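A.B. asks: Got a structure here, written out as structure tokens. Questions coming.
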Amino acid sequence: MAAIKTIGFIGVGNMGNPMAANLLKGGFEVTVFDARPETAAAFVAQHGGRAAASLAELAAGRDAIVTMLPDDKIVRQVMLGDGGAAAAMKPGAVLVDMGTCDPTGTRSTAEALQKLGLQMVDAPVMGGVVFAKDATLDIMAGADAALLEQVTPLLKVMGRSIVHCGATGSGHAMKALANY
């Protein structure tokens, strides 16, 4: 598998902003998108990178897309809905979903992406904004071992620990347990 160099980041709010900034600091090429275009523009003004005007523009040619969104329904919509990012992703590209989502929805989205020749890692985080800024998040990942190895370099610039929890959906299951 080729090294990940280009990243599209969806959701640059309180948590996503410092996470995407750390990816830039880590040497990745980062393009951002947010439901509020002014939020994406503010990110670029503060940190660099570039903002995409649409999900298709964000996804085109990227090795990976990282999402930091409120739930699995929104992740599915931005990836697979009308005008979603998946349609513009190159074959073999990977979605790294870092929000707190339902494991069942995650597995369903992963299956739909797989049918399109795409891959998915669920990698929810533990820790708040301070940890995101300091790149000391704890990350619980669900994916097969080879795919997790491929995305580990980008996870390492955002977190201090990465725990492989099992197959896709396992990271979100472990996050749900931890929150409980």
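The values are calculated or read from the model by the stated rules, or taken from the named source; none is laboratory data. The model shown is predicted, which means the values in this text are computed figures rather than measured ones. Cβ: placed from backbone, ideal geometry, glycine included. Neighbour counts: every protein chain shown. The area values use the complete protein model at the heavy-atom level, side chains included, leaving out ligands, DNA and RNA. Shrake-Rupley method; radii C 1.70, N 1.55, O 1.52, S 1.80 Å.
A.B. asks: What does the convex hull of the Cα atoms come to per residue for segment 78-169, in Å³? Write out the running numbers ahead of the final one.
C.D. replies: Details: hull volume 9.2 nm³, N = 92.
For segment 78-169, the hull spanned by Cα atoms encloses 100 Å³ per residue.
A.B. asks: For a label point 7 angstrom out from the Cα of ALA2 toward its Cβ, which stretches of segment 59-90 have the backbone nitrogen within less than 14 Å?
C.D. replies: Label zone hits: 60-65, 89-90.
A.B. asks: Need the C-alpha centroid separation for segment 3-79 versus segment 143-172, integer Å.
C.D. replies: Centre-to-centre distance over Cα atoms comes out at 19 Å.
A.B. asks: Using a 1.4 angstrom probe, figure out how much accessible area the chain has per residue, in square angstrom, rounded to the nearest whole.
C.D. replies: Working: 8000 Å² over 180 residues.
Per residue, the chain has 44 Å² of solvent-accessible surface.
A.B. asks: Between (1) 62, 39, 28; (2) 161, 29, 25; (3) 37, 36, 30, which entry matches Cα extents along the principal axes in Å as derived from the coordinates of this structure?
C.D. replies: Label (3) holds the value from this structure.
A.B. asks: Follow-up. Most mobile of VAL163, VAL121, VAL66 per a Gaussian network model of the chain (Cα springs, under 10 Å)?
C.D. replies: Checking each option, the largest mean-square fluctuation is seen for VAL163.
A.B. asks: Let me ask another. With both bridge residues required to lie in segment 105-180, what share of the DSSP beta bridges run antiparallel, to the nearest 5%? All intermediate terms of the calculation are to be shown ahead of the outcome.
C.D. replies: On the way: 3 of 9 bridges.
Of all bridge pairs located within segment 105-180, approximately 35 percent are antiparallel.
A.B. asks: What's the carbon and sulfur percent of the chain's accessible surface, probe 1.4 angstrom, rounded to a whole number? Write down the numbers at each step before the final one.
C.D. replies: Numbers: 4490 of 8000 Å².
C and S fraction of accessible area: 56 percent.
A.B. asks: Which far-off residues, 5 or more places away or on another chain, put their amide H under 5 Å from the one on THR168, with H placed in the peptide plane?
C.D. replies: Amide H neighbours of THR168: ALA143, ASP144.
A.B. asks: Go through segment 158-168 residue by residue and turn each phi into a ³J(HN,Hα) via Karplus (6.51, -1.76, 1.60, θ = phi - 60°); whole Hz please, and just put x for glycine and proline.
C.D. replies: So the Karplus estimates, Gly and Pro as x, are 10, x, 9, 9, 10, 10, 7, 9, x, 5, 3 Hz.
A.B. asks: Under a GNM of the chain (C-alpha, springs under 10 Å), which listed residue has the highest mean-square fluctuation: ASP134, ASP82, ASP102?
C.D. replies: Ranking ASP134, ASP82, ASP102 by mean-square fluctuation puts ASP82 first.
A.B. asks: If you don't mind, another one. Work out the length of the dipole vector of the chain about its Cα centre, built from +1 on the beta-carbon of each Lys and Arg and -1 on the beta-carbon of each Asp and Glu, and round it to the nearest 20 debye. It would help to have the intermediate numbers written out before the result.
C.D. replies: On the way: 14 positive and 16 negative charges, 50 e Å.
Value, rounded to 20: 240 debye.
A.B. asks: Considering only DSSP beta bridges with both partners in the chain, what is the antiparallel share in %, to the nearest 5?
C.D. replies: 10 percent
A.B. asks: In straight Cα distance, which lysines are under 19 Å from LYS115, not counting same-chain residues fewer than 8 positions off?
C.D. replies: LYS73, LYS90
A.B. asks: Let me check against my output: what whole-number percent is the relative contact order of the chain, with C-alpha pairs under 8 Å and at least 6 apart?
C.D. replies: Working: 392 pairs, mean separation 35.2, N = 180.
Averaging sequence separation for qualifying contacts and normalising by length gives 20 percent for the chain.
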